Amino acid sequence: MKWIALVVVALVVLVAVVALIGSRLPREHVASRTLRVSRPPQDVWNAYLEATGSSSVPVDVVENDPPRRMVTRVKASEKAFGGTWTTAVAPVPGGATITIIEDGWIANPVFRFMAKYVFGHDATLDGVLKKIDARLNG
């Protein structure tokens with residue numbers, strides 16, 4: 001029984017330390033990733049729309065200039081996190097590049113800690129670009 005109490009106390013202390021560190025991290029962050037593929041911009045644009053189409057994050061489209069640029073903003077109804085994604089597709093010799101820039105914020109200090117030190121601010125960007133890469137090169 002005593003070991004259960006020790007485990008509970010240790011977990012509480014761990015969460016408190018994580019929350020304290022997270023509260024000292026900046027609320028805002030910027031992350032960016034670029035992928036180059038040997039396909040035309042329209043193919044990259046279509047793959048991007050497919051890769052992000054099943055997202056459960058509620059967004060408003062702020063700017064849309066297919067197949068070159070899209071800016072989305074997380075809806076104000078989302079209280080845990082928010083910000084914008086700016087996506088740019090550019091032709092390059094032999095194909096195109098897609099760059100996604102996340103300019104975001106995270107409200108909860110524990111989630112801020114996790115985003116910074118556990119899975120990274122760019123994890124979602126990497127996931128989307130991996131889907132695009134698999135669709136176009138897989």
### Query
How about Lys75: which lysines have a C-alpha closer than 29 Å to its C-alpha, ignoring those fewer than 8 places off in the same chain?
Lys116, Lys130, Lys131
### Ascending count of other beta-carbon atoms within 10 Å, so fewest first, for Phe113, Phe81
Phe81, Phe113
### Query
What 222 nm value per residue comes from the helices of the chain, counting each DSSP H run with n ≥ 4 as -39,500 (n - 2.57) and dividing by all residues, nearest 500 deg cm²/dmol?
-14000 deg cm²/dmol
### Task
Would you mind getting me the FRET efficiency between Asp126 and Ala16? Use the beta-carbon distance for r and R0 = 30 Å, nearest 0.05.
0.50
### Query
Mind checking which of Pro109, Pro58, Pro93 has the largest fluctuation in a GNM of the chain, springs on alpha carbons under 10 Å?
Pro93
## Note on the structure
Relative contact order of segment 2-137 (C-alpha contacts under 8 Å, at least 6 apart) in percent is 34
### Query
Pairing the Cα long axis of helix 2-24 with the longest principal axis of the chain, what angle in degrees results, from 0 to 90 and rounded to the nearest 10?
50
### Summary
To the nearest 10 degrees, the tilt of helix 41-52 (Cα long axis) against the first principal axis of the alpha carbons of the chain is 30
### Query
How long is the gain from Asn108 to Asp60 if the chain were fully straight, where each residue apart is worth 0.36 nm and the alpha carbon distance is subtracted?
15.0 nm
### Task
Work out the P(r) tail for the chain: percent of alpha carbon pairs separated by more than 19 Å, whole number.
58
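We did not get these values from a lab; they are worked out from the coordinates using the rules stated. What you see is a predicted model; the values in this text were computed from it and never measured. A quick note on method: Cβ atoms are made from the backbone with ideal geometry, for glycine too, and the neighbour counts reach across all protein chains shown.
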